[in-house]
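Novice: Once you've had a glance at the structure underneath, I'll fire off some questions.
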Amino acid sequence: MKLSDIVVNAPRTELLYFKDSYLKEFQAKVLRAVKEQGRSWYLILDQSAFHPKGGGQPSDTGKLLFLVGSAQVKKAIFESGVVVHYIKLDTDNPPEVGAPVRGIVDWEPRYKYMRRHTAAHLFDHCINQATGRTYRTMGSWLGEPKPYVDYAGEPPSLEVITQAQGLANTYVEEALSVNIDFLDKSKIHNVSDAPNIERLPENDVYRVVRINGFESIPCGGTHVKATSEIGGIKTLGVEAVNGGFRVYFDVEDGPSSKNP
Ligand SMILES: [Zn+2]
């Protein structure tokens, strides 16, 4: 079954995590239910807090509670502006179109992705600050087993990577606020320090993340609200990749990185 067939003529999903990354539970309406096989279904809701896989961030998982019965959300997939929830029902009752549903995001993995995602933005800034040049990010992975960020160009020395890690951990201690802004198309092109704008699809409104005092980065992912919640950043190795280099890293627990 093709996802493009499942979402045909479906309205764009209201992305609840765009405005509140800390939303763990939400209420929605079932707009479409397509059976795959057995108890496995594809479900489209009017709004969702489930972050689909994308931008280096893994898919959220969780639970859906229907008026009758419940389901496990195995993954969320983004297709043509629509979040498709791939679910496995706990009973044989089929999901009812038009009915209300309650969604619950598996918070522990999601919060870790938020910490890693914010850590990756922070490290991007710090590797530039440590070297005095601008490394273009090529991609990232924020899930298991080994999170990383890829940069274009020749790798700096390990000494510089360690220096960038030290800077990042200083900013973690400073508890800088992490802000989300929504800018329209005309304004985004005035944000001249947004390094990844050419990699994004053309939009009318851009969501921009900005660690206080740093550059603005257009990004649709979920972030923590202060750098202190990252806890700590540890780099775990550097290797060459096609056209650049990969920095493996992870977050460490700290006094402010407890699950809120
Ligand atoms: Zn981001």
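The values are calculated or read from the model by the stated rules, or taken from the named source; none is laboratory data. Keep in mind it's a predicted model, so treat the numbers as computed, not measured. For neighbour counting, all protein chains shown are included, and Cβ atoms are generated from backbone atoms with ideal geometry for every residue, glycine included. Calculation scope for accessible area: heavy atoms of the full protein, side chains included, ligands and nucleic acids excluded. Shrake-Rupley method; radii C 1.70, N 1.55, O 1.52, S 1.80 Å.
Novice: Pulled fully out, how much extra length does the chain show between K63 and M1, if you take 0.36 nm times their separation in residues and subtract their Cα-Cα distance?
Specialist: Values: separation 62, 0.36 × 62 = 22.32 nm, distance 2.29 nm.
My answer for the length gained is 20.0 nm.
Novice: Can you tally the net charge around V68? Count Lys and Arg as +1, Asp and Glu as -1, for every other residue whose Cβ sits under 12 Å from the Cβ of V68. Don't skip to the end; give the middle numbers.
Specialist: Details: positive: none; negative: D90, D92, E96.
Taking every other residue near V68 into account, the sum is -3.
Novice: Please give the contour-minus-distance gain from R12 to K185: 0.36 nm per residue of separation, less the Cα-Cα distance, rounded to one decimal in nm. Numbers along the way, then the final one.
Specialist: Values: separation 173, 0.36 × 173 = 62.28 nm, distance 1.91 nm.
Computed gain between R12 and K185 is 60.4 nm.
Novice: Round to the nearest 10 and give me the degree value, 0 to 90, for the angle of helix 107-131's Cα axis relative to the longest principal axis of the chain.
Specialist: Taking the Cα atoms of the chain, the angle to 107-131 is about 30 degrees.
Novice: Another one. Given the -39500 (n - 2.57) contribution per DSSP H run of 4+ residues, what per-residue ellipticity at 222 nm results for the chain, rounded to the nearest 500 deg cm²/dmol? Walk me through the numbers on the way to the answer.
Specialist: On the way: 5 runs with 53 residues, N = 260.
Per the formula, -6000 deg cm²/dmol.
Novice: Okay, next question. Can you pull the Rg over Rh of the stretch 3-105, Cα-only, Kirkwood?
Specialist: Numbers: Rg = 12.3 Å, Rh = 13.3 Å.
Dividing the radius of gyration by the Kirkwood radius yields 0.92.
Novice: Sort 80-93, 173-186 by packing, meaning the average of other beta carbons within 10 Å per residue, with the highest value first. Don't skip to the answer; put the middle values down first.
Specialist: Numbers: 80-93: 17.9, 173-186: 13.8.
Result, highest mean first: 80-93, 173-186.
Novice: OK, next. Normalising by the residue count of the chain, find the relative contact order in percent from Cα pairs under 8 Å and 6+ residues apart. Write out the running numbers ahead of the final one.
Specialist: Working: 552 pairs, mean separation 44.5, N = 260.
Across the chain, relative contact order equals 17 percent.
Novice: Give the angle, between 0 and 90 degrees and rounded to the nearest 10, that separates the Cα long axis of helix 158-173 from the longest principal axis of the Cα atoms of the chain.
Specialist: 60
Novice: Search the structure for amide H atoms under 5 Å from the amide H of S59, placed 1.01 Å from N in the peptide plane, and list their residues when 5 or more places away or on another chain.
Specialist: Hits under the 5 Å cutoff: K53.
Novice: In whole Hz, with x marking every Gly and Pro, tabulate ³J(HN,Hα) for the stretch 82-91 from phi via Karplus 6.51 cos²θ - 1.76 cosθ + 1.60, θ = phi - 60°.
Specialist: Along the stretch 82-91, the couplings run 10, 8, 9, 8, 8, 10, 10, 5, 7, 10 Hz.
Novice: Can you give the log10 of the normalised intensity I(q)/I(0) at q = 0.16, 0.17, 0.19 Å⁻¹, computed with Debye over equal Cα scatterers of the stretch 110-252?
Specialist: Debye intensities relative to I(0), on a log10 scale: -0.82, -0.93, -1.17.
Novice: Cross-link partners among lysines for K225, C-alpha distance below 17 Å, same-chain residues fewer than 8 apart left out?
Specialist: K225 reaches K19, K24, K112, K258.
Novice: Can you pull the one-decimal nm distance between simple spin-label points at Q129 and V160, each 7 Å off the Cα toward Cβ?
Specialist: Between Q129 and V160, the label points sit 1.7 nm apart.
Novice: Given the options L15, L158, L23, which has the most mean-square fluctuation in a GNM of the chain, springs set between C-alpha atoms less than 10 angstrom apart?
Specialist: For the chain, modelled as a Gaussian network with Cα springs under 10 Å, the answer is L158.
Novice: Over the chain, consider all pairs of different Cα atoms and compute the Kirkwood hydrodynamic radius from their mean reciprocal separation; express it in Å, one decimal. Each step should come with its number before you reach the end.
Specialist: On the way: mean 1/r = 0.0514 Å⁻¹.
Kirkwood radius, the chain: 19.5 Å.
Novice: Along Cα→Cβ, 7 Å out, is where each label goes; now give me the distance between the ones at S80 and L23 in nm to one decimal.
Specialist: Reported label-point gap for S80 and L23 is 2.4 nm.
Novice: Determine ³J(HN,Hα), in whole Hz, for all residues of the stretch 178-188 in sequence, where each value follows from phi through the Karplus function 6.51 cos²θ - 1.76 cosθ + 1.60 and θ = phi - 60°; x replaces Gly and Pro.
Specialist: 10, 10, 10, 10, 10, 10, 7, 3, 5, 7, 4
Novice: Sequence-distant or interchain residues sharing an amide H contact under 5 Å with K74, placed H: which?
Specialist: The answer is Y86, I87, K88.
Novice: I've got another one for you. How about the stretch 28-116: which GluC sites (Glu not before Pro) there are in a DSSP loop, with at most 16 other Cβ atoms within 10 Å of their Cβ?
Specialist: Numbers: sites: E36, E79, E96; in loops: E96.
Within the stretch 28-116, the qualifying GluC sites (Glu not before Pro) (loop, at most 16 other Cβ atoms within 10 Å) are E96.
Novice: Here's another thing I want to ask about it. Tell me, what are the semi-axes, in whole angstrom and largest first, of the equivalent ellipsoid of the stretch 42-156 as set by the roots of 5 times the Cα gyration tensor eigenvalues?
Specialist: Output for the stretch 42-156: semi-axes of 37, 13, 11 Å.
Novice: Please compute the per residue accessible area over the chain with all protein chains in place, 1.4 Å probe, rounded to a whole number of Å².
Specialist: On the way: 12530 Å² over 260 residues.
With the other protein chains kept in place, the chain gives 48 Å² per residue.
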